[in-house]
Amino acid sequence: MRKMAESEEEVDVLVQRVVKDIATAFRRNPNINEIGLIPCLEARYNRSPIVLLENKLGIESWCVKLLLPSVHSKLVLYRQRKLWLDRDALTDLTCTLLLLNPDFTTAWNVRRWVFQKVVQEICLLNSRNGVNSGMLSTDQMYRIIQDEMAVCSSAAGRYPSNYNAWSHRIWILQHVAKCNLKILLDELSNTKYWVSTHVSDHSGFHYRQFLLKSVAGNSRGPAVANAGAGFSRKPSSKDHCTSLPMHVKQEGASADTHAIDVPLMIEEEMELCTDLIESYPGHEALWSHRRSVFYLWHCWNRDRLQVLSDSSNRSEGTKDNVQMATAGSYSARGIDGDAVADRAKQGYTQDIKRLKRGPSLDLHSLLEEHRFIDAILAGCTNLEQARFATAYRKWLDMVIGQ
């Protein structure tokens, strides 16, 4: 590559070359985990300014001041319908722009259009080939979502509190994965390390709050008998986030039903909060996340108790019907209908009592949270940590303790 181009045509050719080199680098190695600038004031050699070494990607600094405005201008013109770009060109341009400016809103918006076209084209190709009835297979969906999540993670790591990247990630889960439970759980696992190494980044913890709420939402209204040992339910068409997308073909029974242990999930998230708060004192994002997780537990537990109460009331209301049915059916045989109904009711009541006294209802009680705060304040030397702990205790008393 020659020295820095000066004419508009030379700049355009150079930019196209660099954009292609960046796209090629990511295709060659999708596991790139570090991106940085290589100090270089001008192009001294006839070679690409993109350097790929193992999982590290370097960009010579001289080309950035040409690359960024050119790519930005093209995307703006495309949004204004003054420039036509095909799908591959849009993908490469948004990748480059998000690499240089991870918080650029327009690039994320364009990338969503492109992503939808990619899904549509794959479905169309499947239809032409007579595969999966013209829908995405589960493997195809997982693969394209995984690739997009990698872009989001890279952008989030390069720009603090990159809400655009995390919002795009949520959009993918809602509109492409349709909050598929397996993908939600995978995301909880995949982002745990990230938030542990970015303890001041509210946006990453906000994303985990979305995941937790979505998973907990999948357990709303389960059979009471399943409440003590984790929940299992089939998706309902009325649920907001329960099933695979309509254009995705479900493969195997495992796609239809998942066991969810919501108390255990929330307990593990609270343990994560505890470890991070104790290890990294004075970070507001950690305390804010703990507040959100505990409030989720409070609301979920309250709703679950309401389900138990409603079920118990319905049982009382049907007792007379049970007695009449059993007496009418078995009176000729000399069987006591009241005894049958009482035994049935007794078994149900025992289940209710067992659930109510089960360990899951005692997890992270208000008393335990106060003990945690007292322990933090007892040996606290960080003024910010003490301030956040005190504010959290006040919030517990005002919101939860009422």
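Observations on the structure shown:
- Amide N proximity, the stretch 271-314 versus residue 371 label position 7 Å along Cα-to-Cβ, cut-off under 12 Å: none
- Computed packing ranks the peptides 107-113, 187-193 as 107-113, 187-193, most packed first, by mean other Cβ atoms within 10 Å.
- Shape of the stretch 124-186, Cα gyration tensor, a/c cut at 1.5: prolate
Readers should treat all values here as calculations from the given coordinates under stated rules, not as data from a laboratory. These numbers come from a predicted model, not from an experiment. Ideal geometry is used to build each Cβ from the backbone, glycine not excepted, and the neighbour counts take in all protein chains shown.
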